[in-house]
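Notes follow once the structure below has been shown.
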Amino acid sequence: MKKITILPGDGIGKEVTAEGRKVLEKIAATFGHQFEFNEALIGHDAILATGNALPDKTLSILKNADAILFGAVGHPHYDNDPSLKVRPEQGLLKMRKELGLYANLRPIKLFDELLEASSIKPEILKGADILFFRELTGDVYFGERGRKDNDNTAFDVMIYSRYEIERIAHKAFTAAKNRKCHVTSVDKANVLESSRLWRAVVQEVSQDYPEVKLTHMFVDTAAMKLIQSPRSFDVVLTGNLFGDILTDEASQIAGSMGMLASASIGDSVGLYEPIHGSAHDITGKGIANPLASILSAALMLDISFNMKEEAQSIIDAVSQTLKEGFRTIDIANNKTAKDKILSTEEMGDRIAQGIGIRETTPTN
Ligand code: IPM
Ligand code: MG
């Protein structure tokens, strides 16, 4: 029996996690597993109910879970008013910190069927397969911050300690051993002291992995290279802020933000979430792409529960559904009229139906 806590959060988070859960339920039924689901509050809804973006009750539920499926947090109300002290995103950041989720894995893999959905040329994209390791509990996100000079100056300290860099670097090098044996460490060591420590520590850690090639790259160059030659990357290792920005950029390699899943792991329970946000502009319309949440569920099965076959059956179902021409609007290919546009719920249904049905490969 596995206890899975669903944190729908705000905006389309509710819509997409419902589909992620649907697919997990189908996995349980098909493969004979027992998943017990519960839900808890985080973000804007939690603020409305308790005044706190991550209520204590939610935290204690999470500490008892075997895995967490998270949607998104955020609300335009806060974005337009920087003076508000309690904000939905604080819930997410506090949860990452409290649960020790220091490594955020963001796999960027393009389904061949979506080659045309990206704004990048297919011949540049084809075959791109990148695994980001974004550090998640340090950096400018968690450094000292404040105001001075009568509120006329503000600061956020970019800070990293050796142990924080070491532990994520080990994870990235270990992963690279099972891939193309290449780590690109991204920093801004030509300017920032924290990046110079980052670079020195990554170099030291790399000594333990002689079979893995290490490349250092400045973040501005990396931003350019990602869309110029995405195939030149294998594992990318980077800090919290650079990782946040670069993975949104890299989502275009996978066709859409709506496709990208992520896993946050560390000391204990794993948390699985799309990289996209709450998207209030499309909330309630039933058009959000649930595939990032569904693929996050696949990462959960693979990483937290070591259910490889089950995870693969989700990926196969996604691939097959795309092959058949089914799309949510964000990944629709305007060049052909062949696409069959589905709502969020219909896409979830399709994937759930596809679980366990194997495509028969023609022999010739
Ligand atoms: C992400 C998001 C978050 C982040 C926000 C919502 C705080 O953009 O997970 O990438 O910046 O980490
Ligand atoms: Mg982000």
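The values are calculated or read from the model by the stated rules, or taken from the named source; none is laboratory data. Only a predicted model underlies this, so the values are computations on that prediction, with no experimental measurement involved. For neighbour counting, all protein chains shown are included, and Cβ atoms are generated from backbone atoms with ideal geometry for every residue, glycine included. Only protein heavy atoms, including side chains, enter the accessible area calculation; ligands, DNA and RNA are left aside. Shrake-Rupley method; radii C 1.70, N 1.55, O 1.52, S 1.80 Å.
Here, the chain yields an orientationally averaged convex hull projection of 19.9 nm² when only Cα atoms define the hull.
Which whole-number percentage describes the relative contact order of segment 215-342, with Cα contacts under 8 Å and a sequence gap of 6 or more?
Normalised by residue count, the contact order of segment 215-342 is 18 percent.
Listed by chain and number, the lysines whose alpha-carbon sits under 18 Å from that of K285, ignoring those within fewer than 8 places in the same chain, are K14, K340. Using a probe radius of 1.4 angstrom, the carbon and sulfur fraction of the accessible surface of segment 21-101 is 51%. Could you tell me how far the Cα centroid of segment 57-112 sits from the Cα centroid of segment 155-231, in Å? What the calculation gives is 24 Å, centre to centre.
Here the relative contact order of segment 119-253, from alpha carbon pairs under 8 Å that lie six or more residues apart, stands at 39 percent.
Dividing the summed -39500 (n - 2.57) terms of all DSSP H runs of n ≥ 4 by the residue count of the chain sets its mean residue ellipticity at 222 nm at -12000 deg cm²/dmol.
For the chain, what does the relative contact order come out to in percent, with C-alpha contacts under 8 Å and a separation of six or more?
Once normalised by length, the contact order is 22 percent.
Using heavy atoms of the protein chains and a probe of 1.4 Å, the accessible area assigned to L48 is about 130 Å². In the full protein context, segment 119-253 carries 47 Å² of accessible surface per residue, based on a 1.4 Å probe and ignoring ligands, DNA and RNA. The antiparallel fraction among DSSP beta bridges confined to segment 119-253 stands at about 20%. Each Lys or Arg adds one and each Asp or Glu takes one away; over the other residues whose Cβ falls under 14 Å from the Cβ of F305, this sums to -2.
Assuming a ≥ b ≥ c are the square roots of the Cα gyration tensor eigenvalues, decide whether segment 260-336 counts as rounded (a/c under 1.5), prolate (otherwise, with a/b larger than b/c) or oblate.
oblate
Counting only protein chain heavy atoms and rolling a 1.4 Å probe, the accessible areas of S278, S304 rank, largest first, as S304, S278. To make sure I understand the rule: partners must be lysines, Cα under 24 Å from the Cα of K177, and not fewer than 8 residues away in the same chain. Which ones qualify? Here the lysines satisfying the reach criterion relative to K177 are K109, K126, K213, K225, K308.
Stokes-Einstein diffusion of segment 119-253 at 20 °C, 1.002 mPa s viscosity, Kirkwood radius from Cα pairs, rounded to a whole number: 137 µm²/s.
Which trypsin sites (Lys or Arg not before Pro) in segment 283-348 sit in a loop by DSSP (not H, G, I, E or B) and have at most 15 other Cβ atoms within 10 Å of their own Cβ?
The qualifying sites are K285, K335, K338.
A probe of 1.4 angstrom, applied to the heavy atoms of all protein chains, finds H170 with accessible area near 60 square angstrom. Surface listing: D244, D10 arranged by accessible area from highest to lowest gives D244, D10, probe 1.4 Å. When the solvent-accessible area of segment 119-253 is split by element, carbon and sulfur atoms take up 52 percent of it, the probe being 1.4 Å.
Close amide-amide hydrogen proximity is noted between D234 and T184, each under 5 Å apart and 5 or more residues distant or on a separate chain (H modeled in the peptide plane; Pro and chain starts excluded).
The heavy atoms of F31 offer some 60 square angstrom of accessible surface to a 1.4 angstrom probe.
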